[in-house]
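The values are calculated or read from the model by the stated rules, or taken from the named source; none is laboratory data. Predicted model only: the values in this text are computed from it and were never measured. FYI the Cβ positions are ideal-geometry reconstructions off the backbone, even for glycines, and counts take in every protein chain you see. Note: areas computed on protein heavy atoms with side chains; ligands, DNA, RNA excluded. Shrake-Rupley method; radii C 1.70, N 1.55, O 1.52, S 1.80 Å.
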Amino acid sequence: MKVAKHVVDARRRRLAEMLQRHRYLGIADLCKEFGISEATVRRDLVFLEKSNLITRTYGGALADFNLRFPSFRTRRTAGTAGKRAIAQMAYELLRPESVVYLDAGTTVFALAEAIRAAPVRPLTCVTSNLPAADLLAEVEGVDVHLLGGQLLRRQSVLLGDDACRSASFWKFDLALLGAEGMTREGVWNSSPAVVALQKAVIANSKATAVMLDRSKLGHTTSTFLGGWDSLTALLTDTPIEDLKAEGIPTYMTKLEHITSYNEPASLKPKSKKPFAAPREKSENNENSFLTLPTSLL
């Protein structure tokens, strides 16, 4: 049965609007939403792509995220002091013989610069961050692995279903993630495709630290990554008082529970505790925050 042209046009307009709003939707989601077959969805996506309204991915579609979200080069010049401070915090968590996931973004790239300057060896780095991979590729003792996925050139990142599947093959000792916002509810990011990959990484990580500079405080986006209970630690240059005012649990800034996540026994100081989640999440824990040198803030 042939569907009238005005019905098809209306469906495609609605589809384009949904992709603009949600940034990423899988084929199965679109079939369910519109009550149509995979073949019909794919025809609609081909039409929208030819009309320059979306970018298709394997298993779904990225909208204009790659065009609208600031490029890697643009973001790299913003807040450099804060990024370097957070990168140093992350660097101090690295341990020899670990498998570490390095997320996309410029704060993680600052961490890659720190690793190149003073390598932690041996170290296995898995990433979707192309600039970070390129930077570390020639560092002796650091093995670099790229996830599969669709290349978003302006963002210098690999995303999509293939990237999520690639992440599922790994077991990470530590995942270091970026994001676009933090509130009392948790952490927010720029795109469902980005969050899908991060969730795949979190599911396969012993410990997960999110790296957020103070400009992300109180900021939300269209996509929620997860609550604070889904993460291990927060690396930030945001003052404790500001975190409290926002309602963000400040126990997240305590790093004792992840600093020995994968240390070889021969290197592990007796004073360090084994990996474990914080026992309490009350205000009583706030007297033992990690104190950073003033030069890092």
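Could you name every one of the strands (runs of 3 or more DSSP E) located completely within region 160-264 that has at least 3 residues being among the small types (Gly, Ala, Ser)?
205-211
Can you say whether Val144 is surrounded by fewer than 21 Cβ atoms within 10 Å (Cβ to Cβ) and either of a type in the set (Lys, Arg) or assigned to a loop (DSSP other than H, G, I, E, B) (or both), as far as the supplied structure shows? No; evaluated as a whole, the condition is false for this residue.
Considering region 107-141, and only residues there that are assigned to a loop (DSSP other than H, G, I, E, B) and open to solvent by less than 30 Å² (accessible area, probe 1.4 Å), the residue that is farthest from Lys83 (Cα to Cα) turns out to be Val139.
Selection within region 151-172: residues that are within 25 Å of Asp213 (Cβ to Cβ) and at pLDDT 95 or above. The member of this set that is surrounded by the most Cβ atoms within 10 Å (Cβ to Cβ) is Ala167.
Within region 201-223, being of a type in the set (Ser, Thr, Tyr) and either open to solvent by 40 Å² or more (accessible area, probe 1.4 Å) or out of contact with any helix residue (DSSP H, G or I) (no Cβ under 7 Å at 6 or more places or on another chain) (or both) holds for Ser205, Ser215, Thr220, Thr221, Ser222.
Glu180 fulfils the conditions (1) open to solvent by less than 40 Å² (accessible area, probe 1.4 Å); (2) touching a His at 6+ places or on another chain (Cβ under 8 Å) except for a single criterion, (1). Of all residues in region 80-106, which are more than 20 Å from Ile258 (Cα to Cα) and either modelled with pLDDT of 95 or more or assigned to a helix (DSSP H, G or I) (or both)? Thr80, Ala81, Gly82, Lys83, Arg84, Thr106 - these are the residues of region 80-106 that are more than 20 Å from Ile258 (Cα to Cα) and either modelled with pLDDT of 95 or more or assigned to a helix (DSSP H, G or I) (or both).
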